[in-house]
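So the structure is just underneath, and the comments pick up after that.
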Amino acid sequence: MIPKTFKEVIDLGDGREISIETGKLAKQAHGSVVVQSGKCMLLCTVVSNYQASDVDFLPLTVDYREKFAAAGRYPGGFFKREARPSDGEVLTMRLVDRVLRPLFPKDYHAETQVMIQLMSHDENVMPDALAGLAASAAIQLSDIPFECPISEVRVGRVNGELIINPTMAQLKESDIDMVIGASEDSVMMVEGEMGEISEEEMVEAIKFAHDAIKVQCAAQVKLAEAFGKKETREYEPEVEDEDLKKKIHNMAYDKVYAVAKGGSSKHERSEAFAAIKEEIKATYSEEELAEIGGLVSKYYHKAEKEAVRNLTLEEGLRLDGRKTTDIRPIWCEIDYLPSVHGSSIFTRGETQALATVTLGTSREANQIDMPSYEGEETFYLHYNFPPFSTGEARPIRGTSRREVGHGNLAQRALKGMIPADCPYTVRVVSEILESNGSSSMATVCAGTMALMDAGVQLQKPVSGIAMGLITDTETGKYAVLSDILGDEDHLGDMDFKVTGTADGITACQMDIKVKGLSYEILVKALMQARDGRLHILGKLVETIAEPRPEVKSYAPKIITRVIPGEFIGALIGKGGEVIQDLQKKSKTTIVINEDPDTEEGIVEILGTDQEGIDMVLKKIDSLLFKPEVGSAYEVKVIKILEFGAVVEYIDAPGNEVLLHVSELAWERTENVTDVVNLGDVIDVKYFGIDPKTKKEKVSRKALLPKPEGYKERPPREDRGDRGGDRRGGGDRRGNDRRGGDRDRKPRRD
């Protein structure tokens, strides 16, 4: 029996469509949809347990995977099977998770899993821009409690024109690459990179995306109505005790407010808050705490959050004593590590990043192998967040999703400033040594200085800042906070990270926890972020004003040469013997890549010793050496023969040519050694290919003055009968050149 399907189509307005279909696949999931655009198809399913987990948060898992079969390819590796998610897949998971998570009820604690799979790939459609739409549509068809439909779109701008969900080709020409997540009413998430655009241009792009998202949200509602929207499931809410809540608030609020106003450090503040909490718990017996201890902790934290927020809204003060626009004290240092190619320390308040730069050849490029994208990165940044940076001890189980996301944000912030002609593969690693607020922005700042310290000719320095927001919906009051602390991120309504140069924004990441954020507040936050960003930028420039003119003496230098394709084999040699021997002797690394468009060879020479690099360049020059007809060259005699001397071009070792005995001097030369000897350096003139011998011809005598009275010998064909009958082989004296006399029996023809 053919299943009944339900489908909604979204018109993108330029001949492209997005369809959402349900009823055919994965019907045992609580909600499932297939989202298609062109040949790109995503299957999304959602399942949520009916029993709550024994935790005080929502155990939500968003999983996004790209199947290699979708692009007609095999996975790499020995087992030929999709394994751990790639960084690209992890980044898509984070994009979807950050929009979905705030829309589940605060007291909904059932384990929930959203799975999105790329089943068919279209090279003209970027699937990550459809993942949020697929996740939300699947949830809308389920009975899972969820506030409202959302969607995500990518925005690009080509030649000043904004585009929804641009193709990969369009994105290469675009100066904006942003993914925006929103509901019909509110923008909730922004992430992307830009080509130094203004704050006003960024807001315009967000509004443009929001208009498209509203259409996609409406399509989900229509699909759910046609399918038959299920009643939202009932679940056991958290236990509430209003009397206890009020009591804890009265006991905690004023004390927390006083501590928050004291402007203490993170650890002092944490200890003081913990003491207040313990003081409250001490008023209850062990039996009472066994019954209501969880509620006591919960209500205490609510009172703490309210006190901290009100301190900022009412007095304009923050936990560490700053005003809303103040930036924490900054100190910076470069060239800290003596053996790395570039290093820097950036410390802002209680956040510290140590960045290193390593320079390499194209062989060290980061290979990206995904069904939706194959390529390589010659600039990439890795971010590490060890537990000691927050004074914790916990297991380390590989790179976390957070580390992947923060590293990607910093990489996008900086990569536009790496010059296009940078010959190196550049790897930046940020080690977070202390953390209390926006270590990703500290990474951007440390990365900028480390790159300049390494001698990478960064076009412009880049800085970054994290902004926060506290709002009161009842009074309409709000405060935009510059350079937020970790606690302000947790207690606030927005975490907005902005990076850029003095001339514009290069990257951003925004998560909004409050509904209905106005564009007025968004613009204010962006403009305040610009002031803070420029302040931080000034501190970076004080430390290192511009990139070092050259890489450090112990860092590798790289020279790139282009050679015709036919010479690649000669440089490599049989079985690689030439290039391996050359690398050994020169103590360099030589990488040869072939340009598929021009079929030329791009040779990269990496080494710390200039003499070694020069040795390789000399070898390449000798391979490419082509003497010009009519030009004179200095040569060295390397071999003496009976009929001439083999000479080697001084400027192109390995290039040899025969200097015939007749070209040594104007006078008749009986013995080659009468004119030249082994090791002599002489000048010769190049005549090109001799039409008679079909070999290259050089002459020493052509550069010498003719002797007085010298007469040219006539060409052989103009010498008449002086040579006798050449067919008989006789000479002028009638002797047979083969030896013997004329009476010898003639050779039979």
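The values are calculated or read from the model by the stated rules, or taken from the named source; none is laboratory data. As the structure is a computational prediction, the values presented were derived from the model and not from experiment. Heads up, the Cβs are rebuilt from the backbone with ideal geometry, glycines too, and the neighbour counts pull from every protein chain shown.
The table that follows gives values for the structure above.
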{"read-out": "Scan of the range 574-603 for residues that are β-branched (V, I, T), assigned to a helix (DSSP H, G or I) and out of contact with any strand residue (DSSP E or B) (no Cβ under 7 Å at 6 or more places or on another chain), ordered by number", "value": "V578"}
{"read-out": "Residue count for the range 367-409, restricted to those that are part of a strand (DSSP E or B), more than 20 Å from L433 (Cα to Cα) and touching a residue at least 60 places away in the same chain (Cβ under 8 Å)", "value": "4"}
{"read-out": "Only one of G576, G565, G630 that is free of Cβ contacts under 8 Å to residues at least 24 places away in the same chain and surrounded by fewer than 18 Cβ atoms within 10 Å (Cβ to Cβ)", "value": "G576"}
{"read-out": "Given (1) farther than 30 Å from L624 by Cα; (2) assigned to a helix (DSSP H, G or I); (3) not aromatic (F, W, Y), number of the condition E566 does not satisfy", "value": "(1)"}
{"read-out": "Qualifying position, being assigned to a strand (DSSP E or B), surrounded by 15 or more Cβ atoms within 10 Å (Cβ to Cβ), on the phi < 0 side of the Ramachandran plot and under 36 Å from the mean Cα position of the chain (by Cα), among V90, V47", "value": "V47"}
{"read-out": "Answer from V635, V603, V591, V661 - the residue that is closer than 17 Å to Y686 by Cβ and aliphatic (A, V, I, L, M)", "value": "V635"}
{"read-out": "Residue in the range 119-129 that is in contact with a helix residue (DSSP H, G or I) (Cβ under 6 Å, 6 or more places away or on another chain), among the hydrophobic types (A, V, I, L, M, F, W, C) and within 20 Å of D97 (Cα to Cα) present", "value": "no"}
{"read-out": "Filter pass, M1 being buried (at least 16 other Cβ atoms within 10 Å of the Cβ) and out of contact with any Leu (no Cβ under 7 Å at 6 or more places or on another chain)", "value": "no"}
{"read-out": "Lone unmet requirement of (1) in contact with a strand residue (DSSP E or B) (Cβ under 6 Å, 6 or more places away or on another chain); (2) assigned by TED's automatic domain parsing to the domain that holds A420; (3) free of Cβ contacts under 8 Å to residues at least 60 places away in the same chain for H341", "value": "(3)"}
{"read-out": "Odd one out for E147 among (1) at pLDDT 95 or above; (2) within 23 Å of L223 (Cβ to Cβ)", "value": "(1)"}
{"read-out": "G31 vs. criteria in contact with an Asp or Glu (Cβ under 8 Å, 6 or more places away or on another chain), among the small types (G, A, S), in the same structural domain as E123 (by TED's automatic domain parsing) and in contact (Cβ under 8 Å) with a residue 40 or more places away in the chain", "value": "no"}
{"read-out": "Odd one out for T22, checked against (1) closer than 30 Å to V404 by Cα; (2) surrounded by 15 or more Cβ atoms within 10 Å (Cβ to Cβ)", "value": "(1)"}
{"read-out": "Test for E82: is it more than 25 Å from the chain's Cα centre (by Cα) and not β-branched (V, I, T)", "value": "no"}
{"read-out": "Condition met for G132 (crowded, with 17+ Cβ neighbours inside 10 Å and of a type in the set (G, A, S))", "value": "yes"}
{"read-out": "Yes/no for K266 being surrounded by 15 or more Cβ atoms within 10 Å (Cβ to Cβ), modelled with pLDDT under 90 and of a type in the set (K, R)", "value": "yes"}
{"read-out": "Odd one out for F68, checked against (1) under 26 Å from the mean Cα position of the chain (by Cα); (2) surrounded by 18 or more Cβ atoms within 10 Å (Cβ to Cβ); (3) farther than 12 Å from M119 by Cα; (4) not acidic (D, E)", "value": "(3)"}
{"read-out": "Subset of the range 421-453 (residues that are within 19 Å of T358 (Cβ to Cβ), aliphatic (A, V, I, L, M) and assigned to a helix (DSSP H, G or I))", "value": "V444, A446, M449, A450, L451, M452"}
{"read-out": "Residue check, E8 within 29 Å of F104 (Cα to Cα), free of Cβ contacts under 8 Å to residues at least 24 places away in the same chain and crowded, with 19+ Cβ neighbours inside 10 Å", "value": "no"}
{"read-out": "Residue satisfying condition, being basic (K, R), in contact with a helix residue (DSSP H, G or I) (Cβ under 8 Å, 6 or more places away or on another chain) and farther than 27 Å from L522 by Cα, within set K207, K245, K230", "value": "K245"}
{"read-out": "Of the criteria (1) in the same structural domain as V603 (by TED's automatic domain parsing); (2) over 27 Å from I602 (Cα atoms); (3) of a type outside the set (A, V, I, L, M, F, W, C), which one G688 fails", "value": "(1)"}
{"read-out": "Which numbered condition G405 misses (of (1) touching a Lys or Arg at 6+ places or on another chain (Cβ under 6 Å); (2) more than 21 Å from M93 (Cβ to Cβ))", "value": "(2)"}
{"read-out": "Among the residues listed as G464, G447, G455, G500, the single one being touching a residue at least 12 places away in the same chain (Cβ under 8 Å), crowded, with 24+ Cβ neighbours inside 10 Å, farther than 25 Å from S518 by Cα and not aromatic (F, W, Y)", "value": "G447"}
{"read-out": "Any hit, the range 240-260, residues being under 30 Å from I139 (Cβ atoms) and acidic (D, E)", "value": "yes"}
{"read-out": "Of residues in the range 439-493 being polar (S, T, N, Q) and under 20 Å from the mean Cα position of the chain (by Cα), the one farthest from V187 (Cα to Cα)", "value": "Q457"}
{"read-out": "One residue from A290, A307, A274, A282 being of a type in the set (A, V, I, L, M, F, W, C), surrounded by fewer than 16 Cβ atoms within 10 Å (Cβ to Cβ) and under 43 Å from the mean Cα position of the chain (by Cα)", "value": "A274"}
{"read-out": "Test: residue in the range 107-126 that is crowded, with 22+ Cβ neighbours inside 10 Å, out of contact with any Ser or Thr (no Cβ under 7 Å at 6 or more places or on another chain) and closer than 15 Å to E204 by Cα", "value": "no"}
{"read-out": "Condition broken by I144, with the remaining ones in (1) under 25 Å from the mean Cα position of the chain (by Cα); (2) assigned to a loop (DSSP other than H, G, I, E, B); (3) among the aliphatic types (A, V, I, L, M); (4) farther than 26 Å from V203 by Cβ satisfied", "value": "(1)"}
